[in-house]
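Read the structure below first, then the notes.
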Amino acid sequence: MATIYEALLQDAQTREFVEELHQTDAKEFWHRAIAVLQQFSMQMSLKGFLLTHHPYIFPNAAFRQPDLQTWVFTTSKSSLFPTGSLPIGNTQVISIPKSDVLNQEWFCILVTETFSILVLSSPNSHSCLWSLHPQAIQTAIATLSPRIRRQEQQTLFQTKLQQFPLTMPPYQIMARFGAILMAQSSIHQELPIPEIQEVDIIKAITHEVRTPLTTIRMLVRSLKRRKDVSTEVKTRLDRVDAECTEQIERFNLIFEAAQLDSYPIMLEATQIEEILGDGFMRWQEHAGRRQISLEMILPTEIPAIYSNGLLLSQVLNGLVDRLVRSFPPDSHIQLILTSAGEYLKLQFQSQVPQQGGGDLPLLKAVGQWLMLQPETGTLSLSLPTTKTLLKALGGKLTVRMHSSTAAYDGEILTIFLPFY
């Protein structure tokens, strides 16, 4: 049997009613959309049914929504339903084999008497699909129906489908969904620090990586000072030094992010010109090794900002590294500084060549904190964590895709930093 993702994209007409986001934005959208639906479940009385891969996608929904029946498609029964956590009477469990391709997807299909919605996260395509249109939702439900094999559940499911027919959502629901979703994605939105268990793991990993790399860099630098080192050997040592420095800085940034809940970050008057002056030549060299050009446009005068210079420098290093590693050769990245009211606006615009060498490198979420580029094995901070880190630095971060008709057609990262 097909996955929901495959079923939705097989029919051209159904595909028109589905919106799709890719890579990092997909994971962020999944969590934001589910958060919106969780707010709906707390603010509205919902009558209908919920189809999902996980019983706790709406925490305590069974207690707040006695008329909302949950259908869970899972390989396991026992571990998902601890005693006293979720009333079994209001939940139907559909057992599917571990070989079922449906196990690869996260999905939430909510059908109520007033509106219906589909949110789907597909790890194979690194994307997130969502739709409020009845045709797309019907296609997804039709994909799940054959997996219901018990006769009594089939009868109950058909009764539910007849009781809650799919209709176009009213304007009020669409407006409320859009308003809450925009608030979720606002640059003013505070993103929570992940739970301590993941933080401890990250701290341990960063320590184990930084310590040997620091030792290697120290030995390399001592060799570079020797007079008997040839020019060719020194060039290679310089490359090793640079690679070690990049990895140390990358894991320093990850470590600092993991420390956010341990102590407050001290903010002070910061000259960003010095940060950019120290970093830009190194960023250009790093981009040049990957055949990517980097340009910076600065105003004639840049007032001081209110931030933390050392940590802000590490954040900018991490963002530039993420951009450089995310685009194919012959791409162009432009850094533009302008004023925006009480903020200094740093905008990274990326231009990808029209005749690029294939798809952009994929990014895979590793927990809430990190993103992995499988092709290179490179780890970087996830954008939600980077946003949280910049908020602690007094700044804000937005990410969007530029119109494909514009001069810069790739990802746009914009940082707002308050003037001192």
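The values are calculated or read from the model by the stated rules, or taken from the named source; none is laboratory data. Small disclaimer: the values here were computed from a predicted structure and weren't measured. In this analysis, Cβ positions are derived from the backbone assuming ideal geometry, glycine residues included, and neighbour counts consider all displayed protein chains. All accessible areas refer to the heavy atoms of the entire protein, side chains included, with ligands and DNA or RNA removed. Shrake-Rupley method; radii C 1.70, N 1.55, O 1.52, S 1.80 Å.
Say we look at the stretch 25-52 and pick out the residues that are under 23 Å from Gln92 (Cβ atoms), among the polar types (S, T, N, Q) and without any contact (Cβ under 8 Å) to a residue 24 or more places away in the chain; which of these is most open to solvent (accessible area, probe 1.4 Å)? Here the residue is Ser45. Number of residues in the stretch 1-24 that are among the polar types (S, T, N, Q), open to solvent by less than 60 Å² (accessible area, probe 1.4 Å) and part of a helix (DSSP H, G or I): the value is 3. Among residues of the stretch 156-181 that are more than 21 Å from Gln43 (Cα to Cα), those with a beta-carbon under 6 Å from a residue that is of a type outside the set (Phe, Trp, Tyr) and surrounded by 12 or more Cβ atoms within 10 Å (Cβ to Cβ) at least six positions away or on a different chain give the pairs Phe157/Ile148; Leu166/Ser116; Leu166/Pro134; Leu166/Ile137; Leu166/Gln138. The requirement of being under 33 Å from the mean Cα position of the chain (by Cα), open to solvent by 60 Å² or more (accessible area, probe 1.4 Å) and at pLDDT below 90 is fulfilled somewhere in the stretch 224-239, by at least one residue. Note on the stretch 176-222: residues that are in contact with a Phe, Trp or Tyr (Cβ under 7 Å, 6 or more places away or on another chain) and modelled with pLDDT of 70 or more total 4.
Before we move on, is Leu51 among the aliphatic types (A, V, I, L, M), in contact with a strand residue (DSSP E or B) (Cβ under 6 Å, 6 or more places away or on another chain), in a loop (DSSP other than H, G, I, E, B) and at pLDDT 85 or above? Here the answer is no, as Leu51 does not meet what is asked. Pairing each residue of the stretch 108-124 that is within 16 Å of Leu21 (Cα to Cα) with any residue that is open to solvent by 10 Å² or more (accessible area, probe 1.4 Å) and modelled with pLDDT of 95 or more, provided the two are 6+ apart or on different chains, yields no C-beta distance under 8 Å.
Leu166 meets the conditions (1) open to solvent by less than 30 Å² (accessible area, probe 1.4 Å); (2) in contact with a Ser or Thr (Cβ under 6 Å, 6 or more places away or on another chain) in every case but one. The failed one is (1).
In the stretch 130-144, what residues are touching a helix residue (DSSP H, G or I) at 6+ places or on another chain (Cβ under 9 Å) and surrounded by 13 or more Cβ atoms within 10 Å (Cβ to Cβ)? Passing the criteria: Trp130, Ser131, Leu132, His133, Gln135, Ala136, Gln138, Thr139, Ala140, Ile141, Thr143, Leu144. On the basis of being open to solvent by 10 Å² or more (accessible area, probe 1.4 Å) and modelled with pLDDT of 80 or more, does Asn90 make the cut? No; evaluated as a whole, the condition is false for this residue. Looking at the stretch 265-315, which of the residues that are over 30 Å from Val240 (Cβ atoms) and free of Cβ contacts under 8 Å to residues at least 24 places away in the same chain is surrounded by the fewest Cβ atoms within 10 Å (Cβ to Cβ)? Here the answer is Thr300. Within the stretch 89-110, which residues are within 22 Å of Val36 (Cβ to Cβ) and touching a Pro at 6+ places or on another chain (Cβ under 9 Å)? Of everything in the stretch 89-110, those that are within 22 Å of Val36 (Cβ to Cβ) and touching a Pro at 6+ places or on another chain (Cβ under 9 Å) turn out to be Glu105, Trp106.
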